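Reviewing the structure listed below.
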Amino acid sequence: TASNAPAASAPAASAPAASQAAPELLQFQGKTIDGKAFSGTSLAGKPVVFWFWAPWCPKCMSEGPNVAKAMAKYDGKVAFVGVGGLDDSQDELKRFVSRTGTSGVTHLDDRDGKLYKHFKVTTQSSFVFMTTGGDTSKASGPLDESALNGHIDKLIG
């Protein structure tokens, strides 16, 4: 039983440390568009691209394929999180993801606008690029594939 003690205490000890180490901007809770709980602190330790979109936004729609390509290109190097908001319908959020080919991206349901406010985003389409240390830069879309890749290349150095 002594060998079980360190394993049992390790998760409890590392959980508070992980949330304390997360940059302040990652201190949020949300839900995916499928209704699953999501903690921003789970992104700590990796660069993140947040893509803020609305399902009725033509600029956002046109960016979807570029976001999907970038996610494939930078797989394992950068986390991608879509933030769908500015609409009342969860079905419309899901339809947008399906139409844009971005189902591989984690998409958060921000119909209440809390994440838009948390990140101080006021327009769609917008991107927030966050370094592992929590520094951010923003860009408004539409971003074509080259522009998006340029921002991500700067993000990961």
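The values are calculated or read from the model by the stated rules, or taken from the named source; none is laboratory data. Small disclaimer: the values here were computed from a predicted structure and weren't measured. As a convention, Cβ positions derive from the backbone with ideal geometry for all residues, glycine included, and neighbour counts pool all protein chains shown. We work out accessible area using only protein heavy atoms, side chains counted, and drop any ligands, DNA or RNA first. Shrake-Rupley method; radii C 1.70, N 1.55, O 1.52, S 1.80 Å.
Considering only residues of the stretch 134-153 that are exposed (fewer than 13 other Cβ atoms within 10 Å of the Cβ) and without any contact (Cβ under 8 Å) to a residue 40 or more places away in the chain, which is nearest to Pro58 (Cα to Cα)? Step by step, filter the stretch 134-153, then rank; the result is Ser146.
Residue-by-condition table, conditions (1) assigned to a strand (DSSP E or B); (2) modelled with pLDDT of 95 or more; (3) buried (at least 19 other Cβ atoms within 10 Å of the Cβ):
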| residue | (1), (2), (3) |
| --- | --- |
| Thr1 | no, no, no |
| Ala8 | no, no, no |
| Pro11 | no, no, no |
| Ser19 | no, no, no |
| Phe50 | yes, yes, yes |
| Cys60 | no, yes, yes |
| Val67 | no, yes, yes |
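What are the residues in the stretch 102-115 that are open to solvent by less than 50 Å² (accessible area, probe 1.4 Å) and without any contact (Cβ under 8 Å) to a residue 40 or more places away in the chain, if any? Result: Thr102, Gly113. Of all residues in the stretch 116-133 being outside any strand (DSSP E or B) and open to solvent by less than 20 Å² (accessible area, probe 1.4 Å), which is farthest from Gly30 (Cα to Cα)? Among those that are outside any strand (DSSP E or B) and open to solvent by less than 20 Å² (accessible area, probe 1.4 Å), it is Ser125.
The numbered conditions (1) over 15 Å from Val48 (Cβ atoms); (2) surrounded by 13 or more Cβ atoms within 10 Å (Cβ to Cβ) are all true for Ile156 except (1).
Residues in the stretch 103-129 that are closer than 18 Å to Lys73 by Cβ and aliphatic (A, V, I, L, M): Val105 alone.
Identify all residues within the stretch 77-123 that are of a type in the set (Ser, Thr, Tyr) and at positive phi; write none if there are none.
Matches in the stretch 77-123: none.
Counting the residues of the stretch 114-157 that are touching a strand residue (DSSP E or B) at 6+ places or on another chain (Cβ under 9 Å), farther than 17 Å from Lys46 by Cα and among the small types (Gly, Ala, Ser) gives 6. Against the numbered list (1) more than 15 Å from the chain's Cα centre (by Cα); (2) in a loop (DSSP other than H, G, I, E, B); (3) in contact (Cβ under 8 Å) with a residue 40 or more places away in the chain, Asp88 comes up short only at (3).
Ser62 falls short on exactly one of the conditions (1) over 20 Å from Gly113 (Cβ atoms); (2) without any contact (Cβ under 8 Å) to a residue 40 or more places away in the chain; (3) touching a Gly at 6+ places or on another chain (Cβ under 9 Å), and that condition is (2).
Hey, can you tell me all the residues within the stretch 118-139 that are touching a Lys or Arg at 6+ places or on another chain (Cβ under 9 Å) and of a type outside the set (A, V, I, L, M)? Those that are touching a Lys or Arg at 6+ places or on another chain (Cβ under 9 Å) and of a type outside the set (A, V, I, L, M): Phe119, Lys120, Gln124, Ser125, Ser126, Phe127, Phe129, Thr132, Ser137, Lys138.
Consider the stretch 69-88 and keep the residues that are small (Gly, Ala, Ser) and open to solvent by 70 Å² or more (accessible area, probe 1.4 Å). The one that is nearest to Glu145 (Cα to Cα) is Ala72.
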